[in-house]
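Where a number appears in this text, it was derived from the coordinates with a stated rule and is not lab data. Since this is a predicted model, take the numbers as computed values, not measurements. Cβ: placed from backbone, ideal geometry, glycine included. Neighbour counts: every protein chain shown.
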Amino acid sequence: MIALIQRVSSAKVDVDGEIVGQIGKGLLVLLGVEKDDDRQKADKLAEKVLNYRVFSDADDKMNLNVQQVAGEVLVVSQFTLVADTQKGLRPSFSKGATPSLANELYEYFAQKCGEKVKVECGRFAADMQVSLVNEGPVTFWLQA
């Protein structure tokens, strides 16, 4: 399971002109689910995302996590994160989870994060337009 996290001052997801998820200060989490992923990996990744220190403290050092700054989380499914790009000029998605497993773990991950912070979500398998203001920019690739 892969989370590409971005520290944002705001982010939103539109589907067909409708805002389906929107946050202020916090993390945009692009989430990719691989075929061997399970709830245990989702638990581990959620814990890592919520505790990863990417926000500045009083000394301008990245020592605070999203919970400590009362931030929000926007979770967006993104199957392209699990693509194999090692060969050729077209990505392979053979490592990706089936849509039913990916959706189940996507919802579970969002639920786990929602136990500790406010969470908004994109719409699974929809054509989404994601807008964000990345602070820094600060972006990290986390994997469980």
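Here the 3J(HN,Hα) profile of the range 66-73, calculated from phi with Karplus coefficients 6.51, -1.76 and 1.60 at θ = phi - 60°, is 4, 5, 5, 9, 6, x, 10, 10 Hz, Gly and Pro shown as x. Once the chain from residue 115 to residue 63 is taken as fully extended at 0.36 nm per residue, the excess over their C-alpha distance is 16.5 nm. Build a GNM of the chain with springs between Cα atoms under 10 Å apart, and of 40, 78, 67 the one that fluctuates most is 40.
Place a +1 charge on the Cβ of each Lys and Arg in the chain and a -1 charge on the Cβ of each Asp and Glu, then give the dipole magnitude about the Cα centre in debye, rounded to the nearest 20. Mind showing how you got there, number by number?
Numbers: 17 positive and 20 negative charges, 65 e Å.
In debye, rounded to 20, the chain gives about 320.
Return the loop-located chymotrypsin sites (Phe, Trp or Tyr not before Pro) in the range 17-96 (DSSP other than H, G, I, E, B) with at most 15 other Cβ atoms within 10 Å of their own Cβ; answer none if there are none. List each step's numbers first, then the result.
Working: sites: 52, 55, 79, 93; in loops: 52, 93.
Qualifying residues, ordered by number: 93.
For the chain, modelled as a GNM whose springs connect Cα atoms under 10 angstrom apart, the maximal fluctuation among 42, 70, 110 occurs at 70. Note on residue 133 and residue 44: the model spin-label points, each 7 Å out from Cα along the C-beta direction, lie 3.7 nm apart. With each label modelled as a point 7 angstrom along the Cα→C-beta vector, the residue 15-residue 141 pair spans 2.8 nm.
Among 118, 95, 25, the largest mean-square fluctuation in a Gaussian network model of the chain, built with springs joining Cα atoms closer than 10 Å, belongs to 95. Loop-located GluC sites (Glu not before Pro) in the range 33-120 (DSSP state other than H, G, I, E, B) with a sparse environment of at most 11 neighbouring Cβ atoms within 10 Å: 115. The candidate values were (1) 12, 39, 26, 15, 7, 1; (2) 12, 42, 34, 10, 1; (3) 11, 36, 31, 16, 5, 0; the one computed from these coordinates for P(r) over Cα pairs in 10 Å bins from 0, in percent carries the label (2).
Hey, for a label at residue 108 modelled as a point 7 Å past Cα toward Cβ, could you say which residues of the range 40-64 have their backbone N under 13 Å away? Only 40-46 pass the distance filter.
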